[in-house]
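Chemist: Mind having a look at this structure? Questions to follow.
The values are calculated or read from the model by the stated rules, or taken from the named source; none is laboratory data. On a predicted model such as this, the values are computed, not experimentally measured, just so you know. Cβ: placed from backbone, ideal geometry, glycine included. Neighbour counts: every protein chain shown.
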Amino acid sequence: MDLARYVVDAVVVEGRGVREVARSHGVSKSGVSVLVNRYRAGGYEALAPRSRRPRTNPRRIPEALEDEIIALRKQLGEIGFDHGPRTIAWHLERRGVGVPAESTIARVLRRRGFVTPQPAKRPRSSYGRFEARLPNECWQMDVTHFGLASGIEAEILNVIDDHSRLCVAAVTRTTTTTHDVVDTFHQAAAQWGYPASVLSDNAAIFNARFRRGRNVFQTELDVRGIVQKNSRPYHPQTCGKIERFHQTMKKYLVQQRRPRTVRGLQAQVERFVAYYNESRPHRARERMTPQEAFFARERAHPGSPLFATHFRVRTDRVDNDGNVTLRYGSKLLHIGVGRPHKGVRIHLYVADRDVRIVTFEGELLRHLEIDPSRVYQGRDREVQ
């Protein structure tokens, strides 16, 4: 504006000619004339630079379509579902509306103030990704927490398919035990088939190796030939897909009326899972729903059993009541040896359910087959 003010004053105040001013300052005669005319029409404020943007754009989408995009954005956001350009485009396509490019939808959202640009954000393409090649090649599972209106914190056991992102199970309980994990696993497998492998963190309900044992879930996987994988401690990125699923689910749940009971929370979870599996386009699956992606390819299956028999050797001492203890399938069992042997140090040789109790001197005190349904293993379990 400084140059514009200078040339205008040269003509209007000093009375110099337009041609002379233009030649002296290296600008066009027509440009000086335009500035002088704008000054005479609107004063010095009229000399401010004006936008060169055209008044009309024949390629701009109709106002009604923009309004529909904004309405979809608000509707999906209020429910708690994803509401980005890709998801909005998917819903417009399902409605039979002419779908603009995702970049166009993104521009509409920015222009209407629904998206704030984040130029410093790390681009998605810079992250390394991995995923299973086939459905049921790997299931990821984890437990997350959600507070109820009654003040109780419920636990939600989520299980998703690594390839398709299909949620094969989502069960709410007050407390989740290893036996609950097994029950949920079998129920999911009855509907979707057994996976070739399972990936989880190192929680005790999934993995008992840090207690130098095996729980009932690990035993079930071994018998069925299903490979168990566990993330590195304090490295949740390994189970990134199930962690991201937790976020998506909770984003929906916090938008709902907070339930007072576990049953009420389970009803909300089931409504979310139905939408997530059947109606929500997943950006990682090329806008297919998880259920469509699951059935789009041949499914993987478990291999041969890896550990048909589990072997252990333990050292213990017979207690004052003549018993020794042994953990099997997450249960602590008591095995009767006899009070005459109290205080004797023994070895327990365990081959799955077959147990031999031998003294340090080599004397066989008892040989039995464990009954997992009984806490106390009486003499009726003797192996002859």
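Chemist: Residue by residue through segment 204-259, note down the ones that are modelled with pLDDT of 85 or more and among the basic types (Lys, Arg).
Modeler: Within segment 204-259, ARG224, LYS229, LYS241, ARG244, LYS250, LYS251, ARG257, ARG258 qualify.
Chemist: Name every residue in segment 43-71 that is assigned to a helix (DSSP H, G or I), surrounded by fewer than 11 Cβ atoms within 10 Å (Cβ to Cβ) and either charged (D, E, K, R) or in contact with a Ser or Thr (Cβ under 8 Å, 6 or more places away or on another chain) (or both), in order of residue number.
Modeler: GLU45, GLU63 - these are the residues of segment 43-71 that are assigned to a helix (DSSP H, G or I), surrounded by fewer than 11 Cβ atoms within 10 Å (Cβ to Cβ) and either charged (D, E, K, R) or in contact with a Ser or Thr (Cβ under 8 Å, 6 or more places away or on another chain) (or both).
Chemist: Okay, moving on. Let me confirm something: among LEU348, LEU326, LEU332, which residue is loosely packed, with under 12 Cβ neighbours inside 10 Å, closer than 23 Å to VAL223 by Cα and under 46 Å from the mean Cα position of the chain (by Cα)?
Modeler: Going through LEU348, LEU326, LEU332 in turn, the sole match is LEU332.
Chemist: I would also like to ask the following. All but one of (1) at pLDDT 90 or above; (2) of a type in the set (Phe, Trp, Tyr); (3) within 30 Å of ALA208 (Cα to Cα) hold for TYR275, so report the exception by its number.
Modeler: Evaluating TYR275 over (1) at pLDDT 90 or above; (2) of a type in the set (Phe, Trp, Tyr); (3) within 30 Å of ALA208 (Cα to Cα) leaves (3) as the failure.
Chemist: Could you list, in sequence order, all residues of segment 72-92 that are charged (D, E, K, R), surrounded by fewer than 19 Cβ atoms within 10 Å (Cβ to Cβ) and over 15 Å from HIS282 (Cβ atoms)?
Modeler: Hits for segment 72-92 are LYS74, GLU78.
Chemist: If you don't mind, there's one more thing I want to ask. Can you go through LEU47, LEU76, LEU3 and tell me which one is of a type outside the set (D, E, K, R), without any contact (Cβ under 8 Å) to a residue 24 or more places away in the chain and in contact with a helix residue (DSSP H, G or I) (Cβ under 8 Å, 6 or more places away or on another chain)?
Modeler: Result of the check over LEU47, LEU76, LEU3: LEU76.
Chemist: Okay, moving on. From (1) touching a helix residue (DSSP H, G or I) at 6+ places or on another chain (Cβ under 9 Å); (2) surrounded by fewer than 12 Cβ atoms within 10 Å (Cβ to Cβ); (3) assigned to a loop (DSSP other than H, G, I, E, B), pick out the condition that doesn't hold for ARG40.
Modeler: (3)
Chemist: Check VAL11, VAL36, VAL115 and return the single one that is of a type in the set (Val, Ile, Thr) and within 30 Å of THR248 (Cα to Cα).
Modeler: Working: VAL11 fails: within 30 Å of THR248 (Cα to Cα); VAL36 fails: within 30 Å of THR248 (Cα to Cα).
Only one candidate qualifies: VAL115.
Chemist: A further question follows. State all residues of segment 99-127 that are modelled with pLDDT of 75 or more and surrounded by fewer than 12 Cβ atoms within 10 Å (Cβ to Cβ); if no residue qualifies, say none.
Modeler: ALA101, SER103, ARG111, GLY113
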